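The block underneath contains the structure these notes are about, expressed in structure tokens.
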């Protein structure tokens, strides 16, 4: 049987499994909506307008005999019936990709994968890992949304999230990637001017560079305010790279990821015995996401890079422990 015939046989089998003569085109539209969470974004990826996407989804739901999508605060989420249809849609996508005049197997690691992650993890782990992956699979495109927050209950428009702290989520798969360490750091020039704190009591006399307390959504990141409540805020930001640069500039003592701070010889780690907050990175995905070759490849690349960089993530103790 030729590749083209095999492809269309698979599509016929898919229709039989759904018990309907669902249009393969409509199933692919549903797949795009499932991956983006929005009709507009899905339409843009397919060259269709919002109205056409809505109309085709409605026609598909008539053929399926039920709702495939449900609206949530974060966008459109699949129903149980929609998840079955999306599995069939993925088979359609694979079948169509296998139809080539030259008979060569198409690279299945292709398309857009959207990730939400903290800015530090994105720079240190995601960017280099996916740069290597892209060299092997040039049709792969990755979009990174930087934010520090708890795992979402509804992750419409995202293929995966990387969060700090163990996620409490439903209908999701959570994978422990590894751990990292946060420590207290100060610039050498700052210590020359204001002195090196010999303990927690003296540390309380110095200003803190860290997250904006009122905007911090991740409870496990509250260590400095829990351990040294007397430290007053000096410069606060939602971006960890601002923390690093503000600390280097002498704005105060920063509570920083060791894997970022240790790269700067002008920063000194302080009191590592008292301040070595070890926190986990978790990868969170929709239950069916790993069925997509591109998502599975990205997840594997992140696991490998995190494991390879575990020592740097945990931080080498090259510090002043007065």
Of the candidates 65, 120, the one satisfying the condition of being modelled with pLDDT of 80 or more and assigned by TED's automatic domain parsing to the domain that holds residue 217 is 120
2 or more residues more than 22 Å from residue 178 (Cβ to Cβ) and over 20 Å from the mean Cα position of the chain (by Cα): qualifying strands (runs of 3 or more DSSP E) within segment 217-315: 233-236, 253-257, 267-270
Checking residue 307 against (1) surrounded by fewer than 22 Cβ atoms within 10 Å (Cβ to Cβ); (2) within 30 Å of residue 91 (Cα to Cα); (3) in contact (Cβ under 8 Å) with a residue 60 or more places away in the chain, which test does it fail? (2)
Scan of segment 190-215 for residues that are touching a helix residue (DSSP H, G or I) at 6+ places or on another chain (Cβ under 9 Å), surrounded by fewer than 20 Cβ atoms within 10 Å (Cβ to Cβ) and at negative phi, ordered by number: 196, 200, 205, 213
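The values are calculated or read from the model by the stated rules, or taken from the named source; none is laboratory data. All values reported here derive from a predicted model rather than from experimental measurement. Note that each Cβ is placed from the backbone with ideal geometry, even for glycine, and that neighbours are counted across all protein chains shown.
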